[in-house]
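Here's the structure we're looking at; comments come further down.
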Amino acid sequence: MNTHVPQAGRPAPESLAGTVERVTFQSDETGFSVLKVKVKGFRDLVAVVGIMPSVTAGEWIEAGSRWENDREHGQQFKVETVSTTRPDTLEGIERYLGSGLIKGIGPHFARRLVDTFGVEVFDIIEQEPDRLKEVAGIGQVRRAKITGAWHEQKAIREFFMRYIIPVPTST
């Protein structure tokens, strides 16, 4: 998923990539987010701020941006372009599913889902939701809640990308 917020007359941005460790703040109305990102080569988590799609802990993020020193919050990476991908490691998938993004899945069921389906868990939820009953404790009601929330989040993200974040046109 690629997003670009154009900044006329500014030099090319730096880039940064890493795993979202936590979402400190996220506005549903404006898309403004504050993330803490684990980036190779940095001892501490990096603050990444700006308008971006709904991002969840465990996702991989690649951002084009500029370093800024905020008087109140210190050094931050201010997003101008961003792309995110769902995690592809078992740890990342478990963190993503257990983040509260999908109603019906907390840390406990995230672990069970990953233990049962491994890296294929997203495909199972999306394409074979009946298989969720293979996980102990997931019955018809919880399965319906999970699949409903999954599709709702997908629709919200697609809407946000289409109507909220401006995408540049070629000049």
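The values are calculated or read from the model by the stated rules, or taken from the named source; none is laboratory data. Keep in mind the model is a prediction, meaning the values are calculated, not measured. All Cβ positions, even for glycine, are placed from backbone atoms using ideal geometry, and neighbour counts span all protein chains on display.
Values for this structure:
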| item | result |
| --- | --- |
| Positions within the range 109-143 being more than 18 Å from residue 99 (Cβ to Cβ), surrounded by fewer than 16 Cβ atoms within 10 Å (Cβ to Cβ), within 22 Å of the chain's Cα centre (by Cα) and not acidic (Asp, Glu), in sequence order | 118, 127 |
| The range 26-38 residues that are under 16 Å from residue 81 (Cβ atoms), paired with ones that are hydroxyl-bearing (Ser, Thr, Tyr) and part of a strand (DSSP E or B) (beta carbon under 8 Å, 6 or more apart) | 35/24; 37/19 |
| Filtered residues of the range 30-53 (kept if touching a Gly at 6+ places or on another chain (Cβ under 8 Å) and among the hydroxyl-bearing types (Ser, Thr, Tyr)) | 33 |
| Breaking point among (1) exposed (fewer than 13 other Cβ atoms within 10 Å of the Cβ); (2) in contact (Cβ under 8 Å) with a residue 24 or more places away in the chain; (3) under 25 Å from residue 148 (Cβ atoms); (4) not basic (Lys, Arg), for residue 74 | (3) |
| Flag for residue 80 being acidic (Asp, Glu), crowded, with 18+ Cβ neighbours inside 10 Å and not assigned by TED's automatic domain parsing to the domain that holds residue 37 | no |
| Scope the range 99-113; condition free of Cβ contacts under 8 Å to residues at least 40 places away in the same chain and assigned to a loop (DSSP other than H, G, I, E, B); matching residues | 100, 106 |
| For residue 92: the one exception among (1) more than 12 Å from the chain's Cα centre (by Cα); (2) not in a loop (DSSP other than H, G, I, E, B) | (1) |
| Subset of the range 14-41 [assigned to a strand (DSSP E or B) and among the small types (Gly, Ala, Ser)] | 15, 17, 18, 33 |
| Subset of the range 46-73 [outside any strand (DSSP E or B) and under 16 Å from the mean Cα position of the chain (by Cα)] | 52, 53, 54, 55, 56, 57, 58, 59 |
| Of all residues in the range 33-63 being β-branched (Val, Ile, Thr) and more than 15 Å from residue 92 (Cβ to Cβ), the one that is surrounded by the fewest Cβ atoms within 10 Å (Cβ to Cβ) | 34 |
